[in-house]
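Below: the structure, in structure tokens.
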Amino acid sequence: QVQLVESGGGLVQPGGSLRLSCAASGSISSIDVMGWYRQPPGKQRELVAQISSGGSTVYTDSVKGRFTISRADAKNTVYLEMASLKPEDTAVYYCHLYMAPTYYWGQGTQVTVSS
């Protein structure tokens with residue numbers, strides 16, 4: 001069993017920054033991909049960013065140039081640095097981990113961008 005614990009969400013003004021963290025624990029062998037999805041109010045969950053074991057990254061177009069994903073393998077932790085936040089970034093952000101053949105999900109952390 002694998003557990004994902006997210007932290008770092010909160011309320012921030014437009015143009016502000018936040019850093020999300022997700023720490024994985026439990027029966028971890030070799031992590032293939034870690035990353036973040038988000039679900040805005042009334043909308044479907046969407047991929048925000050992910051990073052592979054080799055360091056390759058993928059970002060959804062709307063966050064390119066503003067968000068940066070990174071991972072600390074020794075800590076089984078993934079980070080999402082979010083800058084120049086916009087009201088449309090408001091969502092519940094979910095950490096995910098893929099360790100073949102299973103996907104694991106965190107419980108979600110709320111990010112609200114509002115003045």
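Numbers at a glance
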{"read-out": "Per-region count, the range 1-15, residues surrounded by fewer than 14 Cβ atoms within 10 Å (Cβ to Cβ), out of contact with any Gly (no Cβ under 8 Å at 6 or more places or on another chain) and not hydrophobic (A, V, I, L, M, F, W, C)", "value": "5"}
{"read-out": "Single unsatisfied condition, ARG38 versus (1) among the basic types (Lys, Arg); (2) touching an Asp or Glu at 6+ places or on another chain (Cβ under 7 Å); (3) modelled with pLDDT under 95", "value": "(3)"}
{"read-out": "Criterion (free of Cβ contacts under 8 Å to residues at least 24 places away in the same chain and crowded, with 16+ Cβ neighbours inside 10 Å) met by exactly one of TYR59, TYR37", "value": "TYR59"}
{"read-out": "Residue selected from the range 91-107 under the condition modelled with pLDDT of 95 or more and open to solvent by less than 20 Å² (accessible area, probe 1.4 Å), by the criterion farthest from SER52 (Cα to Cα)", "value": "ALA91"}
{"read-out": "Given (1) in contact (Cβ under 8 Å) with a residue 60 or more places away in the chain; (2) assigned to a strand (DSSP E or B); (3) open to solvent by less than 70 Å² (accessible area, probe 1.4 Å), number of the condition ARG19 does not satisfy", "value": "(3)"}
{"read-out": "Qualifying residue in the range 71-88 (condition: surrounded by 14 or more Cβ atoms within 10 Å (Cβ to Cβ), touching a Cys at 6+ places or on another chain (Cβ under 8 Å) and of a type in the set (Gly, Ala, Ser))", "value": "no"}
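The values are calculated or read from the model by the stated rules, or taken from the named source; none is laboratory data. Since the model is a prediction, treat every value here as computed from it, not as a measurement. Using ideal geometry, Cβ is built from the backbone for each residue, glycine included, and neighbour counts are taken over all protein chains shown. With ligands, DNA and RNA removed, areas are computed over all heavy atoms of the protein, side chains included. Shrake-Rupley method; radii C 1.70, N 1.55, O 1.52, S 1.80 Å.
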